[in-house]
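**Q** Encoded as structure tokens, here's the structure I'll be asking about.
Please treat every number below as a calculation from the coordinates, not as lab data. None of the values given here were measured: they were computed from a predicted structure. Cβ: placed from backbone, ideal geometry, glycine included. Neighbour counts: every protein chain shown.
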Amino acid sequence: MDVCWQDVRKSGGSLSLSQRLELPRVQAENPDVLDITSVVMQGTAESTGRRMRIHGVVTAQLTYKCSRCLEPFIQTLSTDFDESVTTDPQQAQDEIWLVNADCFSIDPWIEQVVNLAIEFCPVCQPDCQGLCPLCGNNRNTHPCNCVEDVRDVRLTALAQWVEDSDNEPVDER
Ligand SMILES: [Zn+2]
Ligand SMILES: [Zn+2]
């Protein structure tokens with residue numbers, strides 16, 4: 001969406017923003033994201049002199065692929081954003097963007113905050129049991145009786161040695 005200085009000034013320096021936008025690249029660029037609904041941005045633009053602060057909340061429903069069991073699940077993404085712009089080159093810094101136009105798009109910022117809020121290694125539930133590495137069953141829905149024997153060979157040898165020494169005849173004297 002575009003924010004225009006003119007509109008913000010006309011509203012006495014504070015303008016409510018409400019916008020729904022599509023961010024198809026979020027899904028295309030994140031393999032763990034299977035789907036994303038339209039993103040809703042609600043916030044406020046406040047101008048003081050040549051500065052404007054735009055802040056609010058961005059929400060969307062995301063369908064993730066669980067990184068353990070690979071099943072899809074839906075989660076709400078909700079994240080704050082807060083950006084400042086200026087038309088004065090003297091005031092522009094790392095956190096304050098210089099804009100020369102009367103109207104400018106804030107879509108790239110919204111896309112950035114959504115990308116930053118995406119779950120890394122999403123899980124469908126905190127105690128998701130994942131897939132069985134032996135039979136491939138989803139252990140949440142199909143518990144299996146596979147026994148994972150992943151003991152280290154050296155530990156197995158040690159266990160054998162301990163067992164053997166235990167069996168040695170004990171000297172009576
Ligand atoms: Zn899962
Ligand atoms: Zn199994």
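**Q** Once the dipole of the chain is set up with Lys and Arg at +1 and Asp and Glu at -1 on Cβ about the Cα centre, which of Val26, Gly12, Phe81 lies farthest towards its positive end?
**A** Gly12
**Q** Provide the net charge surrounding Tyr64, with neighbours chosen by a C-beta distance below 12 Å and charges set as Lys +1, Arg +1, Asp -1, Glu -1. Intermediate values should be presented prior to the final figure.
**A** Details: positive: Lys65, Arg68; negative: Asp32, Asp35, Glu71, Glu119.
Summing Lys and Arg as +1 and Asp and Glu as -1 gives -2.
**Q** Within 15 Å, Cβ to Cβ, of Glu119, how many net charges do the neighbouring residues add up to if Lys/Arg are +1 and Asp/Glu are -1? Show your work: numbers first, answer last.
**A** Details: positive: Lys65, Arg68; negative: Glu29, Asp32, Asp35, Glu71.
So the surrounding residues net to -2.
**Q** Compute the helix-to-body angle for 153-167: its Cα long axis versus the longest principal axis of the chain, expressed 0 to 90° and rounded to tens.
**A** Helix 153-167 and the main axis of the chain meet at about 30 degrees.
**Q** Calculate the dipole size of the range 2-117 relative to its Cα centre from +1 charges on Lys and Arg beta carbons and -1 charges on Asp and Glu beta carbons; express the result in debye to the nearest 20.
**A** Using Cβ point charges on Lys, Arg, Asp and Glu, the range 2-117 gives about 200 debye.
**Q** Relative contact order for the chain: what percent, with Cα pairs under 8 Å and sequence separation of 6 or more?
**A** Computed over the chain, the figure is 18 percent.
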